[in-house]
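This report concerns only the one structure given below.
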Amino acid sequence: MKNRSLYDMLVQHQFHIEQYKNGLAFEFRKRLPKLLKELRILFKEVNFNSLDVLSKKEFERFKRNIEKANNKFFSAWLVYISKELNDFMMQDLKIIKAMVGNHFNESDVPELEELKIEKLLSDNKIENREKDSLIPLIWLQNEENEKLWSYIANSILPANGLLVSSFLSGLKGYSANLILNSLNQSYANKENTFEALKAIVGTKENNYKDGQIRKITNANDSINDTIVQQITSQLEVGVESIVFRKYIWNSVMDFRTSNICISRNNKIYIYGKGPIPPAHNRCRSKINPVVLGKPGKEESYFQWLQRQSKDKQDEMLGSKKAALFRKGELTEKDFQKFEEKTRLSSDDFASKLISILTP
């Protein structure tokens with residue numbers, strides 16, 4: 001059995017990262033009813049139909065209680081998501097080191113053992129000899145969790161110029177501002193408590209897409225997706241720059257692709273001297289090492305799937321869709337919009353290692 005190419009491993013790796021992002025989005029939505037319940041209880045405690053019947057003092061007290069409920073919920077969420085992203089970071093590091101290690105595996109059997117820098121040095125397989133472009137994270141080899149997370153949490157996001165830690169913790173204030181501003185509007189417009197709550201939660205007839213909670217949910221997804229891409233990009237650079245000198249920027253090309261990612265797609269950079277994803281919020285772009293000085297050929301996800309084994313197609317698409325794919329009943333047009341509904345936890349993501357390494 002031919003050993004799998006590093007490029008193919010990295011494509012599938014990004015596929016599972018998108019599934020992990022879905023898992024984070026689902027977890028937030030699963031916890032959100034707790035906040036909504038608290039808000040509804042506080043609104044029921046208001047004895048008047050119209051908010052403007054409340055004195056300014058009473059209204060300010062009501063807003064403070066709403067803000068406390070908001071802050072309590074998002075403080076708990078921040079504790080959860082910080083630990084979850086930390087766990088993902090360590091699982092992703094193991095996978096990236098295993099992928100790069102298997103690039104040098106001369107056996108036909110995938111090695112689950114991670115990249116060993118000392119072995120590569122002794123075997124003279126280090127391609128990258130320029131010190132100014134050699135930028136491995138010093139904690140990668142020993143996997144010092146706290147130091148590595150501190151490095152990433154204090155890294156600046158190319159997407160928006162914010163520190164990862166600030167971007168992550170900012171959701172609490174963003175949510176409070178949206179909810180309190182909505183309350184102020186309802187108060188000024190003499191709306192009743194039902195209308196005021198509806199403006200925050202949304203309406204059933206519009207599938208709750210018209211309230212402030214929907215904006216907050218979208219912001220949460222954007223924050224998490226962007227930070228996950230930052231984590232995996234930082235880890236990739238840290239591992240790959242030990243071994244390779246150059247990388248190629250690969251963008252997911254569909255109707256959602258941004259102008260900046262279109263402009264960078266398939267461009268080659270030197271590690272430590274070029275941009276890395278995320279280029280913008282919710283960026284899905286990925287870097288791939290230029291192996292032996294040769295960039296990989298440009299191909300779409302559809303073309304990539306065509307090169308994969310039957311088992312791999314079944315795994316990536318599901319057996320029914322894969323059968324249609326092999327019959328030619330699905331064309332490239334059916335893959336112009338990349339959509340992946342599967343959800344993965346960090347443990348689920350870690351379990352994909354053998355699959356990623358196997359052709």
- Message: It is to be established whether one or more residues within region 254-262 are surrounded by fewer than 18 Cβ atoms within 10 Å (Cβ to Cβ) and among the hydroxyl-bearing types (Ser, Thr, Tyr).
- Response: yes
- Item | Qualifying positions in region 29-51 - buried (at least 18 other Cβ atoms within 10 Å of the Cβ) and either within 28 Å of residue 84 (Cβ to Cβ) or among the hydroxyl-bearing types (Ser, Thr, Tyr) (or both) | 35, 39
- Message: When the residues of region 1-34 are narrowed to those that are more than 17 Å from residue 235 (Cβ to Cβ) and hydroxyl-bearing (Ser, Thr, Tyr), which ends up nearest to the chain's Cα centre (by Cα)?
- Response: 7
- Task: Filter region 256-275 down to residues that are among the aliphatic types (A, V, I, L, M) and in contact with a Lys or Arg (Cβ under 8 Å, 6 or more places away or on another chain) and give me whichever is farthest from residue 299 (Cα to Cα).
- Result: 270
- Query: Within the bounds of region 287-299, is there any residue that is at pLDDT below 95, assigned to a helix (DSSP H, G or I) and surrounded by fewer than 17 Cβ atoms within 10 Å (Cβ to Cβ)?
  - Reply: no
- region 321-341, residues that are modelled with pLDDT of 90 or more and surrounded by 10 or more Cβ atoms within 10 Å (Cβ to Cβ): 321, 322, 323, 324, 325, 326, 329, 330
- Message: Checking residue 110 against (1) modelled with pLDDT under 90; (2) surrounded by fewer than 21 Cβ atoms within 10 Å (Cβ to Cβ), only one condition comes out false. Which one?
- Response: (2)
- Task: Report whether or not residue 165 is surrounded by 14 or more Cβ atoms within 10 Å (Cβ to Cβ), among the polar types (S, T, N, Q), in contact with a Pro (Cβ under 9 Å, 6 or more places away or on another chain) and assigned to a helix (DSSP H, G or I).
- Result: no
- Item | Filtered residues of region 319-346 (kept if aliphatic (A, V, I, L, M), part of a helix (DSSP H, G or I) and within 30 Å of residue 92 (Cβ to Cβ)) | 322
- Message: Tell me whether region 347-354 contains one or more residues that are farther than 23 Å from residue 21 by Cα, of a type in the set (Val, Ile, Thr), outside any loop (DSSP other than H, G, I, E, B) and within 24 Å of the chain's Cα centre (by Cα).
- Response: no
- Assuming residue 256 fulfils every condition listed in (1) part of a helix (DSSP H, G or I); (2) at pLDDT below 95 apart from one, which condition is it? (1)
- Message: For residue 310, only one of the following conditions fails: (1) free of Cβ contacts under 8 Å to residues at least 12 places away in the same chain; (2) more than 20 Å from residue 252 (Cβ to Cβ). What is its number?
- Response: (1)
- Task: Can you run down the residue pairs with Cβ atoms below 6 Å, 6 or more apart or on separate chains, where the first is in region 20-39 and closer than 30 Å to residue 95 by Cβ and the partner is crowded, with 17+ Cβ neighbours inside 10 Å and among the acidic types (Asp, Glu)?
- Result: 21/225; 25/221
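Surrounded by 21 or more Cβ atoms within 10 Å (Cβ to Cβ), over 21 Å from the mean Cα position of the chain (by Cα), farther than 30 Å from residue 272 by Cα and not basic (Lys, Arg), is that true of residue 178?
When the stated conditions are applied, residue 178 does not pass them.
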- Query: Any idea which of 71, 124, 145, 128 is surrounded by fewer than 16 Cβ atoms within 10 Å (Cβ to Cβ), at pLDDT below 85 and in contact with a helix residue (DSSP H, G or I) (Cβ under 7 Å, 6 or more places away or on another chain)?
  - Reply: 145
- Query: Among the residues of region 205-232, how many are of a type in the set (D, E, K, R) and touching a Gly at 6+ places or on another chain (Cβ under 7 Å)?
  - Reply: 3
- Read through the list (1) at positive phi; (2) crowded, with 16+ Cβ neighbours inside 10 Å; (3) at pLDDT below 90, then give the number of the only condition that residue 238 fails. (1)
- Scan 43, 48 and give me the residue that is over 21 Å from residue 218 (Cα atoms), modelled with pLDDT under 95, touching a Ser or Thr at 6+ places or on another chain (Cβ under 9 Å) and part of a helix (DSSP H, G or I). 43
- Query: Which of (1) assigned to a helix (DSSP H, G or I); (2) surrounded by fewer than 15 Cβ atoms within 10 Å (Cβ to Cβ) is the odd one out, the single condition residue 24 does not satisfy?
  - Reply: (2)
- residue 55: more than 30 Å from residue 233 (Cβ to Cβ) and of a type in the set (Ser, Thr, Tyr), yes or no? yes
- Task: For region 186-219, name all the residues that are in a helix (DSSP H, G or I), surrounded by 13 or more Cβ atoms within 10 Å (Cβ to Cβ) and more than 25 Å from the chain's Cα centre (by Cα).
- Result: 186, 187, 193, 195, 196, 197, 198, 199, 200, 201
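The values are calculated or read from the model by the stated rules, or taken from the named source; none is laboratory data. Only a predicted model underlies this, so the values are computations on that prediction, with no experimental measurement involved. Counting neighbours? That spans all protein chains shown, and the Cβs are built from the backbone with ideal geometry, glycine included.
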